[in-house]
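The values are calculated or read from the model by the stated rules, or taken from the named source; none is laboratory data. Since this is a predicted model, take the numbers as computed values, not measurements. Cβ: placed from backbone, ideal geometry, glycine included. Neighbour counts: every protein chain shown.
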Amino acid sequence: MGDFDIIIAGCGTGGAATAIIAARAGLKTLVLDPKAREEIGKKICGDGIHINHYKFVKDLGIDFTDDELLNPITGMRVLAPNRTDFIHVKDDGYCINRRLFGQRLMKEAENAGGSIETKCRATGLIIENGTVTGVKTDRGELRAKIVVDATGVASALRKQLTFDTDFPKTTDPNDLAKGYREVVEIEGEFEHPNDIVIEYNNEIAPYGYIWYFPKSPNILNIGLGLKGPQDLQELYRTHVASHFKIKKVLDAGSWVLPMVRKPFDGFVANGFMIVGDAACQVNPLDGAGIGYSIRGGVMAANAAIGSINNPTRERLWPYNKNFMTEVGAKHAQSAIFATALGSLNNDDMNFVFKSGLVASEDVRKAYEGGMKLSTLDKIRKAIKGASRPHLLKKLNTVAKLTGEAKAHYLNYPSGPDGLPQWKADAGGIFERSAQAFGAPNAAGN
């Protein structure tokens, strides 16, 4: 197949987005994926995309088809453990057909001039003098100026790097959550056909949640994700599926994903970048990854375009800077919020919902990455939370630490020289978060 400017291992949303932008710029682009062509895009996930990510994709010149957009979402209903109290957040998005969308991205990459090789697995890296210069595959070796690991949470390539990097070569198992979901057809119609419903219950799904996402009035993506050794399918049958009369199971499966961890400190090395789940570019609070992986892929491709003739760590650095300031700052805040949320017992969580200590706007800010409290906010919350001062203390600590994290990530260094001190200071913020909320492994790697 010859030599390439850029080889991307993995044709998920992050890998495909990288390929689309790189190929459009005229880079000789190759995507490798071990799946059969017709299986590209088939992935176990929640199948949701936020309106901001939807608009981002459209701004790339990729219009969604009616077949890809299954159901418009206009709100999020967040349930307390008692399943009676809730907070409703007005927010827009879509439930999508994940396979068709993945197929569309693959074809967009081909239409832009990229090559897709399916049933081809990247098995290793070619490294020369501290620089990645190609990949080893089950069909032989291929050379490229830049290699991108977009192989998902397994991160098949970054773990094979033989030199020091700004990101961990493997993901700590303690930073991984596990999920199980089914797509089901139910009798009757879902009570909230245009709301995604998220249920928090730290006895059932610690550091995770239960979800009910309507793909149509009577077809739902339902499941749960958590950290721990629990039997997911048993929990699913007892605490999720039991709320419905299920006519048919249309699809089912489990997976792992990085959650409740801070972003990696960087994503680039000499001749090498990581994207999507391989880079843990997932919202630490809710596990959303489709939109963020696409954004990461676009940023990675732009960095590649600007440095293709000399793709050193320094020249690829804009990918780090752009992702950290545009996305990483939000994810850092979400990681702290998720850590605090996971530290609450169900009784305290029910109180938070019932008392109004946390309001709709607070939830929206938390999911967007941020929870700044004005003086008036603090007074109102002090009145509502007077009977549980420990919750007020946690809330104020969350607001303080998320504010520090946001400012710190927005000040991500413009080059490698500033990274050691920045990394040490970031570690301090997350260490204080772990100490405040008693959550082991909250700082990640």
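Details
- Test result for ALA22, in the same structural domain as ALA301 (by TED's automatic domain parsing), outside any loop (DSSP other than H, G, I, E, B), of a type in the set (A, V, I, L, M, F, W, C) and closer than 29 Å to TYR180 by Cβ: no
- The residue of the range 69-109 that is farthest from ALA150 (Cα to Cα), among those that are surrounded by 17 or more Cβ atoms within 10 Å (Cβ to Cβ) and among the acidic types (Asp, Glu), is ASP85.
- Against the numbered list (1) out of contact with any Asp or Glu (no Cβ under 8 Å at 6 or more places or on another chain); (2) basic (Lys, Arg); (3) over 30 Å from LYS354 (Cβ atoms), ARG181 comes up short only at (3).
- Count - residues of the range 326-364 that are crowded, with 19+ Cβ neighbours inside 10 Å, among the charged types (D, E, K, R) and within 17 Å of the chain's Cα centre (by Cα): 1
- Looking only at residues in the range 135-151 that are crowded, with 21+ Cβ neighbours inside 10 Å and out of contact with any Phe, Trp or Tyr (no Cβ under 6 Å at 6 or more places or on another chain), the one that is farthest from GLY266 (Cα to Cα) is LEU142.
- Lone qualifier among LEU395, LEU419, LEU357, LEU391 - being under 29 Å from ASN52 (Cα atoms), modelled with pLDDT of 70 or more, outside any loop (DSSP other than H, G, I, E, B) and of a type outside the set (Val, Ile, Thr): LEU395
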